[in-house]
Each structure stands twice: as C-alpha cells, then as structure tokens.
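None of the figures in this text is laboratory data; all of them are computed from the coordinates on show. Keep in mind that this is a model prediction, so the values were computed, not measured. Cβ sites come from the backbone with ideal geometry, for glycine too, and all protein chains shown count toward neighbours.
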Amino acid sequence: MQVTVKLFSYYRQVAGTDRLSLDLVDGATVADLLDSLSRKLDSPGLNDHSASVLINQQNAGPETCLKDGDEVLLLPIVGGG
C-alpha cells in the first residue's frame with residue numbers, strides 16, 4: 001500500500017521536502033510507518049514518540065492501522081513553559 005506523508009518543521013528540514021510517498025505492507029501501523037521513515041531519513045528520533053501523527057486529519061496512535069491512500073501528517077511535539 002502507499003501512503004502520503006506530509007512533514008512539518010523539523011521533519012521537513014531533515015527530509016529536505018514537505019511531502020513523501022511511502023510504500024508499506026498491508027496492515028502496517030503508525031509505528032511501522034515511523035520505523036520505515038526513520039530508516040529512510042536516517043533519523044532514529046522519529047521512534048521516540050516526539051511526533052504528533054494525524055491520519056486523514058484524525059489523531060492517531062502508534063497502533064493505528066493505515067490504509068492505502070491515507071494522508072499522514074507528521075508534526076513535532078512542541079513544549080513550552
């Protein structure tokens with residue numbers, strides 16, 4: 001299956017683009033996507049839960065299953081204080 005990943009802020013800088021298409025196996029989860037993306041971008045920090053993930057503009061957790069054609073938004077979690 002293929003999903004589109006829109007990257008924001010830090011992730012866009014690391015990737016050098018604001019959008020990627022990823023091929024994943026059927027039944028892949030958000031955790032699988034983050035693993036694949038971290039290998040592709042050589043950025044292991046993607047697996048440390050430092051990203052907010054939305055699938056088709058709905059919040060998603062690591063166990064959320066993806067479907068062919070999904071649009072995934074990957075945003076860094078920003079802390080303040």
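As a length-normalised measure over Cα pairs under 8 Å and 6 or more apart, the relative contact order of the chain settles at 41 percent. Using only the alpha-carbon atoms, how far is helix 30-41 inclined from the longest principal axis of the chain? Give it as 0 to 90 degrees, nearest 10. The angle comes out near 70 degrees.
A Cβ-based charge dipole, computed about the Cα centre of the stretch 2-76 with Lys and Arg at +1 and Asp and Glu at -1, lands at about 280 debye. Highest average first, the peptides 29-37, 64-72 ordered by how many other beta carbon atoms sit within 10 Å of their residues are 29-37, 64-72. Stretching the chain fully between Q57 and V78 yields a gain of 5.7 nm (0.36 nm per residue, less the alpha carbon separation). Note the listed values (i) 197; (ii) 87; (iii) 208, then indicate which one is volume of the Cα convex hull per residue in Å³ calculated from this particular structure. Among (i) 197; (ii) 87; (iii) 208, the one calculated here is (ii). A cut-off of 5 Å between modelled amide H atoms, ignoring neighbours fewer than 5 places along the same chain, links D70 with T4. As a rough guide to protection, the peptides 51-62, 2-13 ranked by mean Cβ packing within 10 Å, highest first, stand as 2-13, 51-62. In this label model, D18 and T4 are separated by 1.3 nm, measuring between points 7 Å along each Cα→Cβ vector.
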